[in-house]
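I have placed the structure first, in the form of structure tokens, so that the comments after it can refer back to it.
The values are calculated or read from the model by the stated rules, or taken from the named source; none is laboratory data. Every value quoted in this text rests on a predicted model; they were computed, and no experiment measured them. Heads up, the Cβs are rebuilt from the backbone with ideal geometry, glycines too, and the neighbour counts pull from every protein chain shown.
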Amino acid sequence: MSATIDPTVAAQAAEIAGRAESELAALVDVSSPSGDVPGAEAAIAVCLGLLPDGAEIERPPCSTEGSAPDLLATVRGTGERRIMLLGHVDTVIGHDAHQPLRSEGERLYGTGTVDMKGGDILAFGVARALARRPDRFAELAVLMVCDEEWRTAPFTHVERFAGYDACLCFEAGHLTADGREGVVVKRKAAGTLVVKATGRAAHSGAAPDQGRNALLALARVAQRVAAFHDLSGPQQLSVVPTVMRSGNAFNVVPAGGELICDMRARTLEAFEPVLASVPAELDEVALDASMGRKWPGMDSIAATAPVLKGAALRLGKPIVGVPRGGASDASHFAGSISLTIDGLGPRGGGAHTPGEFALREALALRAEVALAIGHELLGIDGDAGS
């Protein structure tokens, strides 16, 4: 493999990187936690200024009721291929803990820098670059959603993009142990188990045995479902109780409560025995178990291999398809768009924490990776201009 990068890819990546930090500051400085309509609208306003010239703007309804509408921008071309670039503007961190962008050495700290406003910035930059070659595509779409971090409703956009030639998602990037650039081509299915308990209240000192303790019932259920955890098994199933709420006063037997468990596996079917293991009743406490979220898995290893090989030649170094356990909207599209590639965003760390950061140097490096893949998908010649 040549160690020389395609000069057009290099020039376009340098252009994206030159703008990336200021664009990232504008987007990260907007606090946009999931479900906050004013925050989402402010973030979308920033995004509108980063789109390719001439893009057609739509605001389709968000999958989650009560959220701000999503953003869909489409550039029409005269070619044949249809490609969609995917991101989200919502964050896990709320307004009270929001961190604006700050620079410390090679790290750019701030809420959403790596999950995934840094990726959004690269998606817009790649879209602007590819839009210069309208002869190579029929549709170049950019989709930004407002509810990726907390959505439990069905994803509404799958049908709209069914039959597209490729989906490129800009969640956080990856570097392999031996230093090669990685993109995500396989993800686990994700499920959220929700168990609601209904017992009976009683004075915990005067008449404790007259109560039916919802907290104790939920604790037993947590242990029961956690026993299914088997990362080394054929489904690589993880079952992790993450939230339990019960009780309102220190001297009252808790009459109600809720248990939430995060589950990941190779397929959605692996969650069914866990759900079925929750009884309808324990010690006269009624239990109601359901799936609050079900996100499909993703496996585009075979479909993406030729594209990654060609893109690596343009980049002048390997691009490796890797698996990742975390959920992503790319998984929703992978069932109908076989050529789905995720993890095109910058590398960093601390996602979903106050210490979240993106690496400054990764903005340019991951722009090169994404552009090499985009050029390969569209068959753009290296000497066709930047």
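Table for the structure above
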{"item": "Val307 vs. criteria touching a residue at least 40 places away in the same chain (Cβ under 8 Å), in a helix (DSSP H, G or I) and not assigned by TED's automatic domain parsing to the domain that holds Lys117", "result": "no"}
{"item": "Which numbered condition Lys294 fails, given (1) closer than 19 Å to Ala166 by Cβ; (2) surrounded by fewer than 17 Cβ atoms within 10 Å (Cβ to Cβ); (3) at pLDDT below 95", "result": "(1)"}
{"item": "Qualifying residue in the range 275-287 (condition: part of a helix (DSSP H, G or I), touching a residue at least 24 places away in the same chain (Cβ under 8 Å), surrounded by fewer than 23 Cβ atoms within 10 Å (Cβ to Cβ) and not assigned by TED's automatic domain parsing to the domain that holds Val92)", "result": "yes"}
{"item": "Test: residue in the range 355-362 that is in a loop (DSSP other than H, G, I, E, B) and in contact with a helix residue (DSSP H, G or I) (Cβ under 9 Å, 6 or more places away or on another chain)", "result": "yes"}
{"item": "Residue list for the range 235-253, restricted to those being crowded, with 16+ Cβ neighbours inside 10 Å and over 35 Å from the mean Cα position of the chain (by Cα)", "result": "Val253"}
{"item": "From Asp209, Asp230, residue being acidic (Asp, Glu), within 26 Å of the chain's Cα centre (by Cα) and either closer than 30 Å to Cys167 by Cα or outside the structural domain of Ala305 (by TED's automatic domain parsing) (or both)", "result": "Asp230"}
{"item": "Given (1) over 17 Å from the mean Cα position of the chain (by Cα); (2) part of a loop (DSSP other than H, G, I, E, B); (3) surrounded by 24 or more Cβ atoms within 10 Å (Cβ to Cβ), number of the condition Gln99 does not satisfy", "result": "(3)"}
{"item": "Test: residue in the range 171-179 that is within 22 Å of Gly379 (Cα to Cα) and assigned by TED's automatic domain parsing to the domain that holds Ile319", "result": "no"}
{"item": "Qualifying residue in the range 306-315 (condition: at pLDDT below 95 and out of contact with any Phe, Trp or Tyr (no Cβ under 9 Å at 6 or more places or on another chain))", "result": "no"}
{"item": "Residues of the range 245-270 that turn out to be in a loop (DSSP other than H, G, I, E, B) and of a type in the set (Lys, Arg), as a count", "result": "1"}
{"item": "Condition check for Arg264: within 17 Å of Gly326 (Cα to Cα), in contact (Cβ under 8 Å) with a residue 40 or more places away in the chain, touching a Ser or Thr at 6+ places or on another chain (Cβ under 7 Å) and not assigned by TED's automatic domain parsing to the domain that holds Leu168", "result": "yes"}
{"item": "Test: residue in the range 51-60 that is under 20 Å from the mean Cα position of the chain (by Cα) and either in contact (Cβ under 8 Å) with a residue 60 or more places away in the chain or surrounded by 16 or more Cβ atoms within 10 Å (Cβ to Cβ) (or both)", "result": "yes"}
{"item": "Filter result for the condition that a residue is surrounded by fewer than 18 Cβ atoms within 10 Å (Cβ to Cβ) and either touching a strand residue (DSSP E or B) at 6+ places or on another chain (Cβ under 8 Å) or not assigned by TED's automatic domain parsing to the domain that holds His352 (or both), over Arg151, Arg224, Arg187", "result": "Arg224"}
{"item": "Glu149 being of a type outside the set (A, V, I, L, M, F, W, C) and either in a loop (DSSP other than H, G, I, E, B) or closer than 30 Å to Ala214 by Cβ (or both)", "result": "yes"}
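Here's the yes/no breakdown for (1) within 20 Å of Ala327 (Cα to Cα); (2) part of a helix (DSSP H, G or I):
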residue	(1), (2)
Asp120	yes, yes
Glu139	no, no
Met144	yes, no
Thr156	yes, no
Asp178	no, no
